[in-house]
């Protein structure tokens, strides 16, 4: 369930089952987005293998500056990813939209 409280922003977006991560949490999980943590790259940006504070291993997709979308589009994408469940797709765990960063975290 998506809940908008006024204008669309990271502070007002609440999606059941999807966690909002701070940029610091995402940086910590990937050793500050270290190259040694990078496991892939695509049109959206780089993908890193990370470890959350609770011990879960995750894939963290960090947008490159050239691929940034507007905040509304990014948050709409997060909502859609939270609804998609298929055995051949990785599940969305959370996101970060802080300080100009657009980051998704998924089951690894």
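We did not get these values from a lab; they are worked out from the coordinates using the rules stated. Because the structure is predicted, anything quoted here is derived from the model rather than measured. Don't worry about glycine lacking a Cβ; one is built from the backbone with ideal geometry, like all the others, and counts go over all protein chains shown.
Details
- When the Gaussian network model of the chain links Cα atoms closer than 10 Å, the mean-square fluctuations of 19, 49, 61 top out at 19.
- The GNM of the chain, with springs linking C-alpha atoms under 10 angstrom apart, assigns the highest mean-square fluctuation among 58, 39, 18 to 39.
- Relative contact order of the chain, defined on C-alpha pairs under 8 angstrom at six or more residues apart (%): 28
- Placing dummy labels 7 Å off each Cα toward the beta-carbon, the span from residue 101 to residue 71 is 1.7 nm.
- The chain: angle of helix 71-83 to the longest principal axis, Cα-based, in degrees nearest 10: 80
- The alpha carbon centroids of region 23-59 and region 75-108 are separated by 13 Å.
- Per-residue ellipticity at 222 nm from helix content only, as computed over the chain with -39500 (n - 2.57) for each DSSP H run of at least four residues, stands at -5500 deg cm²/dmol.
- Each distinct pair of alpha carbons in the chain adds a 1/r term; the inverse of their mean, the Kirkwood radius, is 14.0 Å.
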